[in-house]
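What follows is a short report on a single structure.
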Amino acid sequence: MIFLPLKSTNGPFKLLVDLVLEKGENRGVKEARKHIAWYIKGMKDSAKMRGSVCRISSYSELMEKIYEEI
């Protein structure tokens, strides 16, 4: 099931949704993980989040993780 994050699809969230819609869940999530790693690089405790994001395999898991960290 694909749901739109938060109340809008602006900025990074739009990219995540677009990747999944265009490339399918499997490929879209893999590419989204790379983008998330780039976005959070250099932030405090980002290594821990990058490690957990890299193990995510579904869109719903990815969005849950993003909601947890916001």
Virtual spin-label span in nm between K23 and K41, 7 Å along Cα→Cβ: 1.6
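Loop-only trypsin sites (Lys or Arg not before Pro) in segment 38-70, please: DSSP not H, G, I, E or B, and at most 10 other Cβ atoms within 10 Å.
Filter output for segment 38-70: K41, K44, R55.
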Cut-off 12 Å between beta-carbons: net charge of the residues surrounding K23, Lys and Arg +1, Asp and Glu -1: -2
Viscosity 1.567 mPa s, temperature 4 °C, Stokes-Einstein D of segment 26-70 from Kirkwood C-alpha radius, µm²/s: 124
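Considering only the other residues whose Cβ falls under 10 Å of the Cβ of I56, what net charge follows from Lys and Arg at +1 and Asp and Glu at -1?
+2
Bear in mind that the values in this text are calculations on the coordinates, not laboratory data. Everything numeric here is computed off the predicted structure, so don't read it as measured data. No Cβ is skipped: glycine too gets one built from the backbone with ideal geometry, and neighbour counts run over all protein chains shown.
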